[in-house]
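Scroll down for the structure; my scribbles are underneath it.
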Amino acid sequence: MEAEIKTTNDNCNKIMQLALDAGTVLLSNGAEIWRVEDTISHICKAYQVDDVDAFILSNAIFITGNNDKEAVFAKVKHIPLSGVHLGIVTEVNDLSRHISAGKYTLEEASTKLEEIRKRPAKNPFYRALASGIGAGCFCYILKASVTESLLTVVIGAMVLLFSLWAEKHSFPKLVKNILGGGMIALLALAATYIPFKTGVSVDKMIIGAIMPLIPGVAFVNSIREIANTDFLSGTVRMLDTIMVFMYIAIGASTVLSLYHGLLGGGF
Amino acid sequence: MNLAAETTVRVFGAFLAVYSFAYLIETPKKYVLRAGLVGALGCLVYTIGINTGLGEVLSSFLSALSVAFLSHTFARIFKAPVTLFLIAGILPTVPGTGMYQTVHYIIEGNQKMTAYYFTQTLEIAGVIALAIFVMDTVFGLLKKGGWKQNSLKYVRIVKSKVKSEDDVQ
């Protein structure tokens, strides 16, 4: 017990830095606000820094910590709204529980966190496949025919590949989603020119194929944050969700309208 | 009979869809299947609701409620964040269709259909939010009423334990 209590200034800094890093990793990978708050307070408590205040927004962490002996640790960290990796969230969550249970020393915990943070995303090919299958199944649930669903599988996969490419070249969200929506509509229109016995419906294919672009994580998190009275972050994320929905729909609808309006629905 | 077969196929479709999306948002391998199960339950409840004539909004509410319930239960059983199961599981209920149709009809200039789809989207999004609120609150109460998350597991707060903590202080 006594060995743990001697928190020097150096240690206090390190502990707070660990807590801040854990919070940053969580927040940038799609965790909710209170999970970040809890993780920070658990880590600090586990290493005996009691006087900690953390204020967390959906894109920033403000944190101060004090052990009554040394200088106060204070930092503001900006975290842009970014991608989702629930695997990392789960791992950091487990790490925080293990730290709470006293299973890691400070150094071990820091190394483990660094290891978790560097975890790569899954192979784009498999992700595209998953996206395609997901889109196709959604299309099928919405009472589309098997042909339409199979076409949607192709469209869904291509859209995810486009989306990953756009993210890699750091396209703005607006451009990415409008182009994504437009691409879906174009591909769906192109699919109607493939001669089948029965015709295919453009609308159903579009509705299925936009599912991979829909920001499900932001949507669910915003609701749960508002339910948990984190109104500020919840509203920001809700607005983010609505805007992304709008961009996708605008992209798709514009292409459709141009097709019907300018080309008269055919060549 | 035909209805049962159709429902089975739909539920399986939802399972596969949610499974894929759980994979897409990088859910850890061991939880992907469970997320798929959550989604399948949601779809089953929704389909039953529609077929018994409950209407789209009430069916969505019940579906979201069951999804949230199962997610919270799984999260406590497998000691994983609730969002793992909830995000992918809720996706089939999310009114993506309505959202798209709304904007589509806005651009087409069809005000009647715009109003119809806009209202429907708002209603469904609202009841999903309500369902998640309800379940978060219920499970939050459960935590206060005697069950506490003690680092690695959920434990029942026993009086003697509380006493010993007081002694330390």
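Would you check which residues across the range A:55-71 are farther than 16 Å from A:Lys45 by Cα and without any contact (Cβ under 8 Å) to a residue 40 or more places away in the chain and list them?
Just the residues of the range A:55-71 that are farther than 16 Å from A:Lys45 by Cα, to begin with: A:55-62, A:69-71.
Hits for the range A:55-71 are A:Phe55, A:Ala60, A:Phe62.
Here B:Ala75, B:Ala80, B:Ala88 are screened, and the one residue that is outside any helix (DSSP H, G or I), under 19 Å from A:Val217 (Cα atoms) and either open to solvent by less than 10 Å² (accessible area, probe 1.4 Å) or more than 13 Å from chain A (Cβ to nearest Cβ) (or both) is B:Ala80. Kindly list the number of the only condition in (1) part of a helix (DSSP H, G or I); (2) open to solvent by 10 Å² or more (accessible area, probe 1.4 Å) that fails for B:Ala68. With (1) part of a helix (DSSP H, G or I); (2) open to solvent by 10 Å² or more (accessible area, probe 1.4 Å) applied to B:Ala68, the lone miss is (2).
Of all residues in the range A:219-243, exactly one satisfies the criterion of being closer than 19 Å to B:Met99 by Cβ, in contact with a Lys or Arg (Cβ under 7 Å, 6 or more places away or on another chain) and touching a residue at least 60 places away in the same chain (Cβ under 8 Å), namely A:Asn221.
Among the conditions (1) open to solvent by less than 10 Å² (accessible area, probe 1.4 Å); (2) more than 7 Å from every other protein chain (Cβ to nearest Cβ), A:Thr90 misses just one, which is (2). Summed over the range A:206-233, the residues that are part of a helix (DSSP H, G or I), at the interface with chain B (Cβ under 10 Å from one of its Cβ atoms) and out of contact with any Cys (no Cβ under 8 Å at 6 or more places or on another chain) give a count of 15.
Determine if the range A:178-198 includes at least one residue that is within 16 Å of the chain's Cα centre (by Cα) and within 29 Å of A:Ala31 (Cα to Cα). Among the residues of the range A:178-198, not one is within 16 Å of the chain's Cα centre (by Cα) and within 29 Å of A:Ala31 (Cα to Cα), which makes the answer no. Within the range A:241-266, the set of residues being surrounded by fewer than 17 Cβ atoms within 10 Å (Cβ to Cβ), at the interface with another protein chain (Cβ under 10 Å from one of its Cβ atoms) and under 19 Å from A:Val217 (Cβ atoms) comprises A:Ile242 only.
Within the range A:95-132, being among the charged types (D, E, K, R) and either in contact with a Gly (Cβ under 8 Å, 6 or more places away or on another chain) or at the interface with chain B (Cβ under 8 Å from one of its Cβ atoms) (or both) holds for A:Arg97, A:Arg119, A:Lys122, A:Arg127.
The values are calculated or read from the model by the stated rules, or taken from the named source; none is laboratory data. As the structure is a prediction and not an experimental result, all values here were calculated from the model. Cβ: placed from backbone, ideal geometry, glycine included. Neighbour counts: every protein chain shown. Accessible surface is based on the protein model in full, side chains and every heavy atom, while ligands, DNA and RNA are left aside. Shrake-Rupley method; radii C 1.70, N 1.55, O 1.52, S 1.80 Å.
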